[in-house]
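One structure is given here, and the rest of the page talks about it.
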Amino acid sequence: MKLAAVGDNCMDVYENIGKAYPGGNPVNVAVYFVRLGGESSYTGVVGTDQYGKLMKEKIAEKGVDVSHIRFMEGNTAITHVELVDGERVFGEYEEGVLADFKLTDEEIDFLCSHDMVVTGLWGNVHDDLAKIQARGVKVAFDAATRPEDPAAVTAIPSVDYLFFATDDGDTPELRETMKQIKAKVVITTLGEKGSIVYDGEKYTTFGIIPCNVVDTMGAGDSFIAGFLKGILEEKPVEECMKMGAANSSVTLEYNGAW
């Protein structure tokens, strides 16, 4: 059971405390999938700056296959973050070498050697997902809070499991939006209100696993990893939702993504 995560990575740089932490949606999902006992790889590009080497080392330390992390001349993607009274304030995002990331044929072959491929809105691989799905590999895509984004719209026809997040709760408008998205299965996370899944025929809802919330960083990516592990184990949808919620509850109880 192998999951291929591909696309963006990002260093969260806290200049006011002199620290930097690796992350990014597909990276986080790969790390959390291994935490659950699965196998995963991460495919993407990092820069030749100080952060590129650190990114690869830290992901590898978590047991993720980093054989397809490429170095490109330039800077690793970074998000500037400040801690203000204990709260994160996100500043400028610098895409760096990710702006020029394009999958090679060899990388597509590598991705297709896995059971499922997962990527997200900023991964720059939305144009290649049709090739991957055509080879019989399941595709998952995280549209963040923007399923209407052009990259998501391009990806959706080639997506088996489409994730997005909203704080609005389970409303008739949300259910209609989910119905209009033409992925095979649409999963919406609702923060502390749980999650809802539409499989083309019916809606399934699930709540949360109560925990002591310390930090919400990485909670959504943890849900995705747990849910997809359930899918690959051919569990019922509600059990997959429970696995996602349980994995999120672990992440919520410590500071940082991983």
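A residue that is out of contact with any Ser or Thr (no Cβ under 8 Å at 6 or more places or on another chain), β-branched (Val, Ile, Thr), open to solvent by less than 10 Å² (accessible area, probe 1.4 Å) and part of a helix (DSSP H, G or I) occurs nowhere in segment 236-253. Out of GLY220, GLY200, GLY191, one residue alone is touching a residue at least 60 places away in the same chain (Cβ under 8 Å) and out of contact with any helix residue (DSSP H, G or I) (no Cβ under 7 Å at 6 or more places or on another chain). It is GLY220. The condition (being more than 19 Å from VAL185 (Cβ to Cβ), modelled with pLDDT of 95 or more and either among the aromatic types (Phe, Trp, Tyr) or under 17 Å from the mean Cα position of the chain (by Cα) (or both)) is satisfied by just one residue among VAL118, VAL125: VAL125. Checking each residue in segment 131-150 for being open to solvent by less than 10 Å² (accessible area, probe 1.4 Å) and under 17 Å from the mean Cα position of the chain (by Cα) picks out VAL139, ALA140, PHE141, ALA143. Exactly one residue out of PRO210, PRO157 is open to solvent by 50 Å² or more (accessible area, probe 1.4 Å), touching a helix residue (DSSP H, G or I) at 6+ places or on another chain (Cβ under 8 Å) and outside any loop (DSSP other than H, G, I, E, B), and it is PRO157. Quick one: would you say PHE141 is modelled with pLDDT of 95 or more, within 28 Å of VAL250 (Cβ to Cβ), touching a Pro at 6+ places or on another chain (Cβ under 7 Å) and in a strand (DSSP E or B)? No: the conditions fail for PHE141. Could you grab me the full set of residues in segment 109-127 that are under 23 Å from MET1 (Cβ atoms) and either out of contact with any helix residue (DSSP H, G or I) (no Cβ under 9 Å at 6 or more places or on another chain) or buried (at least 20 other Cβ atoms within 10 Å of the Cβ) (or both)? Answer for segment 109-127, where residues must be under 23 Å from MET1 (Cβ atoms) and either out of contact with any helix residue (DSSP H, G or I) (no Cβ under 9 Å at 6 or more places or on another chain) or buried (at least 20 other Cβ atoms within 10 Å of the Cβ) (or both): ASP109, PHE110, LEU111, SER113, HIS114, MET116, VAL117, VAL118, THR119, GLY120, GLY123, VAL125. State whether the residues of segment 160-183 include one that is part of a helix (DSSP H, G or I), in contact with a strand residue (DSSP E or B) (Cβ under 6 Å, 6 or more places away or on another chain) and open to solvent by less than 70 Å² (accessible area, probe 1.4 Å). Yes. Looking across segment 60-75, the residues that are out of contact with any Lys or Arg (no Cβ under 9 Å at 6 or more places or on another chain) and open to solvent by less than 40 Å² (accessible area, probe 1.4 Å) come down to VAL64, HIS68, GLY74. Number of residues in segment 45-65 that are among the polar types (S, T, N, Q) and either within 14 Å of ALA20 (Cα to Cα) or not in a loop (DSSP other than H, G, I, E, B) (or both): the value is 1. Number of residues in segment 4-21 that are surrounded by 24 or more Cβ atoms within 10 Å (Cβ to Cβ) and more than 16 Å from ALA144 (Cα to Cα): the value is 2.
The values are calculated or read from the model by the stated rules, or taken from the named source; none is laboratory data. As the structure is a prediction and not an experimental result, all values here were calculated from the model. As a convention, Cβ positions derive from the backbone with ideal geometry for all residues, glycine included, and neighbour counts pool all protein chains shown. We work out accessible area using only protein heavy atoms, side chains counted, and drop any ligands, DNA or RNA first. Shrake-Rupley method; radii C 1.70, N 1.55, O 1.52, S 1.80 Å.
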